[in-house]
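Notes for the one structure printed next.
Coordinate-derived values only; no laboratory data. As the structure is a prediction and not an experimental result, all values here were calculated from the model. As a convention, Cβ positions derive from the backbone with ideal geometry for all residues, glycine included, and neighbour counts pool all protein chains shown.
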Amino acid sequence: MKNNSLYLPGFHLSTLRRKPRSTAHRLADSLAHIRRHSISSLGECFGRFIPSKVLENGEAGSFSRRRVFSKTNTFWAFFSQVLDADGGCQEVVRKIQALAASRSLQSPSASTSAYCQARAKLPLGDLEQVLSRTASSLHDQGHSERWKDRRVVVVDGTGLSMPDTAENQAVWPQTRGQKPGCSFPQASVCACFCLHTGALLSHRVGSRKNHELPLLREQHDQFKPGDIFLGDKGFCSYYDVDKFQKLGVDSVISLGVRKPVATASALQVLAHNDLLIQWPRPKTNRTLSYSKEEWQALPEQLTLRQIKVVVDNPGFRVQSFYIVTTLTDAQTYSAADIADLYYQRWDVELFFRDIKTTMGMDILRCRTPAMVRKEILMHLIVYNCIRLLMLNAAKERNVSQRRISFKASVQALRQWEPMLNRRDLEAHERQRLMALLHQAIAATIVLSRPGRKEPRCRKRRPKNFQLMTSPRHEMREIPHRGAIRANRP
């Protein structure tokens, strides 16, 4: 008869005969366990750019226990939600259910409540740290792509819309011309981009009442000595040009409110339409956004360079404009080079178009200010990650990153994600798929079509619905609105 009782409790002879497992083996088992319980393999694609320690569960607090919606899974679910064309929470839950079924894990509930609660617990500071890490990774990898061996930081602002809730209206009120319940909260975003890599370096969110200049001043610490600040006439400010100069940052901006200096009043004529001028300090600070003490600390005058750019290309709205810059060395920085640099400023409009139109950030979905800020941060993180993919693909295929289609890159990543999420995927197979992903991204080149005209107008007519001119509970629909509109003179 077999004796199943143990001579010493807690000891097994079978385990005593085995060779102890090494630390490397135990670590490999832990990583395999994490992969089996991870809802997405996107973390392995961008693991070099996103710090994994930030996404680990803590010893105490909201993400202290191992659940389906751990901190890592919640982050990558949010990441996948921004990346998806649908962008809804239900879409994410369905994806998690499908992945759990394919990996023989317990399927979560079809309700979006657990996911939304976990998403709300993501610390805002951790998302900001992830965004900063992706920006620094882009900066390090794109070090070779500079203008005259200097980094150019282009700045601009844009507007966003969000659901009409009382919490959002309190932070980002709607315009005064709209009745309550008939419009949406409006937020403004001022962001700094690296001109050559497209990386979003920093951003600040304000309301429609905030001008872009105060939001830019909150981001002065993102500039480094030797950088070049590139902006439009909305950033033409005596105060900011002086502050940037003290930081060791040169400015290239178009002339705004100030009148151009005549040739007779210039300090020196460097070339035709190229003058060395002096700007006097503003006479008063009553309507300015900085204090009287800061105004008194400004120098009496600034020595700048004024360049008149004549636009001879057909189809452009302006015929000529003026550029003001602190790059006063005409031998190193010719007027043609500076004019070409300012012409590249239009790329920042394309960066915002990629984020707002292609990725869908122009109309946000979250209903509270805290979640709106997280949603904005997650859109920017995904944007930087896609830029990293484009930069790596451009280096491997020896093409210019600025010629690669951003929308095609988003589409490629969406279609490659299910293949990267396969359970039986080995390391060498994942490397092969990533190489094919880079090849697909680099293959879609935006052609250069000079003189092509794309007017901002709509050809397809919208439906003849009424406009909401009163709150929803007071609104009355006009019967036969099509006939009424057709009979209008």
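About its Cα centre, how strong a charge dipole does the stretch 273-346 have in debye, to the nearest 20, once Lys and Arg get +1 and Asp and Glu get -1 at the Cβ?
380
Which peptide among 434-446, 372-384 comes first, and what is the full order, when sorted by highest mean count of other Cβ atoms within 10 Å? Display every interim value, and only then the final one.
On the way: 434-446: 17.2, 372-384: 22.5.
So the order, starting with the most tightly packed, is 372-384, 434-446.
In whole Hz and in residue order, list the ³J(HN,Hα) couplings for the stretch 255-262 that follow from phi through the Karplus curve 6.51 cos²θ - 1.76 cosθ + 1.60, θ = phi - 60°; x for Gly and Pro.
Along the stretch 255-262, the couplings run 5, x, 6, 5, 7, x, 7, 6 Hz.
Considering only C-alpha atoms, what is the centroid distance from the stretch 245-261 to the stretch 355-421, in Å?
Cα centroid to Cα centroid, the span is 33 Å.
Taking a point 7 angstrom from the Cα of residue 344 along the C-beta vector, which residues in the stretch 143-171 have backbone N less than 18 Å away?
143-156
Order the peptides 450-457, 359-366 from the highest to the lowest mean number of other Cβ atoms within 10 Å of their residues.
359-366, 450-457
From the helices alone, meaning DSSP H stretches of at least four residues, give me the mean residue ellipticity at 222 nm for the chain, per-run term -39500 (n - 2.57), in deg cm²/dmol to the nearest 500.
After summing the helix terms and dividing by residue count, I get -11500 deg cm²/dmol.
Using the per-residue mean of other Cβ atoms lying within 10 Å as a proxy for protection, in what order, highest first, do the peptides 180-189, 194-203 fall? Present the calculation step by step, with values, prior to reporting the outcome.
Values: 180-189: 18.2, 194-203: 23.1.
Output ranking for 180-189, 194-203: 194-203, 180-189.
Quick check on my link table: of 148/246; 179/374; 209/459; 148/233, which ones sit more than 26 Å apart, alpha carbon to alpha carbon?
Exceeds cut-off: 179/374; 209/459.
Taking 56 Å as R0, compute the FRET efficiency from the Cβ-Cβ separation of residue 431 and residue 301 and round it to 0.05.
It comes to 0.40.
Within the stretch 227-260, name every residue whose backbone N is under 20 Å away from a label modeled 7 Å from Cα of residue 283 along the Cβ vector.
Residues 237-239, 256-260 fall inside that zone.
Hey, what did the chain get for relative contact order, percent, Cα under 8 Å, at least 6 apart?
Over the chain, the number comes to 14 percent.
What dipole magnitude, in Debye to the nearest 20, does the chain give about its Cα centre under +1 on Lys/Arg Cβ and -1 on Asp/Glu Cβ? Show your work: numbers first, answer last.
Working: 75 positive and 44 negative charges, 364 e Å.
I would put it at about 1740 debye.
Multiply the residue separation of residue 208 and residue 91 by 0.36 nm, subtract the distance between their alpha-carbon atoms, and state the gained length in nm to one decimal.
Length gained between residue 208 and residue 91: 38.9 nm.
How high is the FRET efficiency from residue 419 to residue 146, r the C-beta distance, R0 30 Å, rounded to 0.05?
Step by step, r from the Cβ atoms, then E = 0.25.
For the stretch 353-489, what relative contact order do you get, as a whole percent, if you take Cα pairs closer than 8 Å and at least 6 residues apart?
Values: 76 pairs, mean separation 27.3, N = 137.
Here the relative contact order equals 20 percent.
Taking 8 Å as the Cα distance limit and 6 or more residues as the minimum spacing, I'd like the relative contact order of the stretch 369-443 as a percentage.
40
Could you give the size of the charge dipole of the stretch 177-276 about its Cα centre, using +1 on the Cβ of each K and R and -1 on the Cβ of each D and E, expressed in debye and rounded to the nearest 20?
460
When 212, 417 are ordered from fewest to most other Cβ atoms inside 10 Å of their Cβ, what list results? Intermediate values should be presented prior to the final figure.
Numbers: 212 21, 417 18.
Least crowded to most crowded, the residues run 417, 212.
Out of residues 5 or more away from residue 333 or on other chains, whose amide H comes under 5 Å of its own, with H placed 1.01 Å from N in the peptide plane?
It is none; the list stays empty.
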